[in-house]
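Read the figures in this text as sums done on the coordinates, not as results from a lab. All figures in this text were calculated on a predicted structure; none of them were measured in a lab. All Cβ positions, even for glycine, are placed from backbone atoms using ideal geometry, and neighbour counts span all protein chains on display.
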Amino acid sequence: MQSMNRLLVGTRKGLIVFHKTAEGWSFEADHFLGVPVALVYCDPTTSYWWVALDHGHWGFKLHRSLDLGSSWEELPAPRYPEGSMINAKEPAVLKYIWSLQSTSRGDGSLWIGTVPGGLFLWREHHAALNQSLWEHPSRSQWFGGGMDHPGIHSIVVDPTCPDVVYVGISCGGVYKTTDGGRTWSVKNKGLRADFLPNPAAEVGHDPHLLLACDADRSVMWQQNHCGIFRSTDAGEQWDDVSALKGPANFGFAIAVDHADPQRAWVAPGISDVVRVPVDRKLCICRTTDGGRNWQTLDRGLPSLSYDIVYRHALISHQEEVIFGTTTGNLYASHNGGDRWTSVSNSLAMVYALALSPQ
């Protein structure tokens, strides 16, 4: 597995780039100064850098760098086809770019997840809406969680079989295609939606982030509105692996060990209403046995904190674990979370992180 030498940090005030040194992470450059960078992504098949910029009144813009940030090109952002409707009264207009993921087809193409719940396939400077998912019979049961409308925040592609794709929809749940997006099936068995009249409803679940382990693609994880869930059969059945005692339960972010299907990290908070750390103590929780037990990792972190971690702001690579917070703190661990060091305590709100090999 290749080493990752650059850290991309999407913040409320721009893209911040750090590079790895013998002492840790060191500031290198910033880009799009003053503009919210809502999402960052490094395509593992090309090493191209991608960012989604939230210009507020002017909407979302999509940019790509082919040369590690030396230059950037603006690319056409996803557009819903004329006549597309969110519901009977509201036309579908791009509100947010919430996920980017390589199709693993080796041609630089990407899947793009958006609010209001559209999945786009980007290739050759054009993003096409996946009509099969948009017109899925269950879409009328989707609704907005943290956003006003449903949103696709997670896209998982099987690199050994690119026709197999999962998406995480807030609020809809997990959907899977095995034919490259021509048809989709619901994969929410075992999840709970405690906020619905029927918590075991087939549709209407709120995964916060969905991931799969590269070493064993049958093992999937999600940090969910109602706890932490794990599947060992490629999403056919989900099991609640939240801590019965301890903070590992509600949260937005999760990271997995791509070499060890038993190991994962979460960033806990109290609840969706009280968005602060449990007991006001910033920590990351780690499991090494598939969620049967969770350790609280806070060595080197402040004992009094009101930070939380957004869903795309916790990442891991081998023994390196990094997270950024809503008050602009950035922490890294070189030993799986056993000890944390501060990379910066003076950034703007951190939305998303990505690692680049160059």
- Query: Which ³J(HN,Hα) values in Hz, rounded to whole numbers, follow from the phi angles of segment 112-124 under the Karplus curve 6.51 cos²θ - 1.76 cosθ + 1.60, where θ = phi - 60° and Gly and Pro get x?
  - Reply: 10, x, 9, 9, x, x, x, 10, 10, 9, 9, 7, 6
- Label-point separation in nm, A22 to A128, each point 7 Å along Cα→Cβ: 5.3 nm
- Note on the structure: Here, trypsin sites (Lys or Arg not before Pro) of segment 299-358 satisfying both criteria (DSSP loop; at most 15 other Cβ within 10 Å) are R299, R339
- Under a plain spin-label model, where a point goes 7 Å from the Cα along Cα-to-Cβ, how far apart in nm are L75 and Q262? 3.9 nm
- Message: At most 16 other C-beta atoms within 10 Å and a DSSP loop state: those are the exposed GluC sites (Glu not before Pro) I care about. Give me the longest piece of the chain that has none.
- Response: 237-318
- Message: Explain nothing, just compute: Karplus ³J(HN,Hα) = 6.51 cos²θ - 1.76 cosθ + 1.60, θ = phi - 60°, for every residue of segment 167-172 in order, whole Hz, x for Gly and Pro.
- Response: 10, x, 10, 10, 10, x
- Note on the structure: The distance between the Cα centres of segment 8-63 and segment 185-217, in whole Å, is 30 Å
- Whole-Hz Karplus ³J(HN,Hα) for segment 135-140, in order, using 6.51 cos²θ - 1.76 cosθ + 1.60 and θ = phi - 60°, x for Gly and Pro? 9, 4, x, 8, 4, 5
- Query: Using modelled amide H (1.01 Å from N, peptide plane; none on Pro or chain starts), what sits under 5 Å from the amide H of G190, excluding residues fewer than 5 places away?
  - Reply: W238
- Query: So what is the diffusion coefficient of segment 60-119 in µm² per second by Stokes-Einstein at 25 °C and 0.890 mPa s, using a Kirkwood Rh over Cα pairs?
  - Reply: 186 µm²/s
- Got a sec? How would I155, I284 order by Cβ neighbour count within 10 Å, fewest to most? I155, I284
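Give the order of T160, T11, T177 when sorted by the count of other beta carbons within 10 angstrom, beginning with the fewest.
T160, T177, T11
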- Message: Less than 17 Å from a label point 7 Å out along the Cα-to-Cβ axis of T327: which backbone N atoms in segment 9-43 qualify, by residue?
- Response: 12
- Query: Residue separation times 0.36 nm, minus the C-alpha to C-alpha distance between E202 and K189: what's the value?
  - Reply: 4.0 nm
- Query: If we count other beta carbons within 10 Å of each Cβ, what is the order of M85, M349, fewest first?
  - Reply: M85, M349
